[in-house]
Amino acid sequence: YRLLDVGCGEMPYLTLFEPHVREVVGMDTWDNPRASLKGVVESIPAADASFDVVLCAQVLEHVDDPAQGIRELARVTRPGGRVLLSTHGAMVYHPNPVDLWRWTGAGLERLFTANGDWASVTVSAGSGTASSLAMLNAIYLEHVLRRTPLRVVRGPVVGLLNRAARALDWRVPALRDERPGTIAANYHVVAERAS
C-alpha cells in the first residue's frame, strides 16, 4: 500500500504501518524534515487517487475548513482505498497554531457523507464517559502535581485514575456506548472510498 500521513509531525504511527506499506509519504504545514509534502489538508499537494490509505490523526480540529479537508482526503484516496481519521470530541483547548473544532459521532458521520464519494463511513468513540472524564481531569492533575513536591507520584496517580476509569467504562455499557449524556474524548473514522 501507499500511505499518506496528513499532519505527520514526528510520524508516531510509522512503526505500526511500515511493515504493511511500500511507501509512507508524510505531509505537514511546516518545514518538517519527516514530511516530503508541505501543505494543508484543505489543499493536499498530491494527484487524484494517489494513495491507498490516508491517515489523518488529530488534525481535523485544527483546520479552517473541515468540509474541504474531507473532500481533499477523498480526492487523494484511490477508489476502494481508506481514510483513517481521528479527532477530538472533548479536549482541553490546545492551539497548534489554532484549535477550532470539537466533534460528535453524528457530526463526523454527516461531515464525511456530505463531502466525498464514500462506500462506507464508520465512526466510533475512542473511549467511554468515565475514561474521557478521567483523561480531562488527569491533564489538570498532572499539571498541578508537576509544580509540587508530589511530582514524583504524578505518573502512577494519573495511570491509576485512567485504569480505574477504563474498567468502569467496560463494566457499565451506559458509560461506554455513545448516547445522550455521554462524553467521548476522541473519535475514530474509517471511510472507504467508493470504487
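For the reader, a short list of remarks on this structure follows.
- A single member of V158, V121 is of a type in the set (A, V, I, L, M), open to solvent by less than 60 Å² (accessible area, probe 1.4 Å) and in a strand (DSSP E or B), and it is V121.
- For region 72-83, the set of residues classified as crowded, with 17+ Cβ neighbours inside 10 Å and in contact (Cβ under 8 Å) with a residue 60 or more places away in the chain consists of L73, A74, V76, T77, R78, G81, R82, V83, listed by residue number.
- Residue in region 38-59 that is open to solvent by 70 Å² or more (accessible area, probe 1.4 Å), at pLDDT 95 or above, more than 19 Å from S195 (Cα to Cα) and in a loop (DSSP other than H, G, I, E, B) present: no
- Criterion violated by R34 - all others in (1) assigned to a strand (DSSP E or B); (2) touching a Cys at 6+ places or on another chain (Cβ under 7 Å) satisfied: (1)
- Restricted to region 1-22, and to residues there that are of a type in the set (A, V, I, L, M, F, W, C) and not in a loop (DSSP other than H, G, I, E, B), the residue that is surrounded by the most Cβ atoms within 10 Å (Cβ to Cβ) is V6.
- Sole residue being outside any loop (DSSP other than H, G, I, E, B) and either polar (S, T, N, Q) or in contact with a helix residue (DSSP H, G or I) (Cβ under 9 Å, 6 or more places away or on another chain) (or both), chosen from M91, M135: M135
- Residue in region 91-99 that is over 23 Å from E10 (Cβ atoms) and surrounded by 14 or more Cβ atoms within 10 Å (Cβ to Cβ) present: no
- V54 more than 26 Å from A184 (Cα to Cα), touching a Ser or Thr at 6+ places or on another chain (Cβ under 7 Å) and not small (G, A, S): no
The values are calculated or read from the model by the stated rules, or taken from the named source; none is laboratory data. The model shown is predicted, which means the values in this text are computed figures rather than measured ones. Here Cβ is always computed from backbone atoms with ideal geometry, including for glycine, and neighbour counts include all displayed protein chains. Ligands, DNA and RNA are stripped out before the accessible areas are found, and what is left, the full protein with its side chains, is counted by its heavy atoms. Shrake-Rupley method; radii C 1.70, N 1.55, O 1.52, S 1.80 Å.
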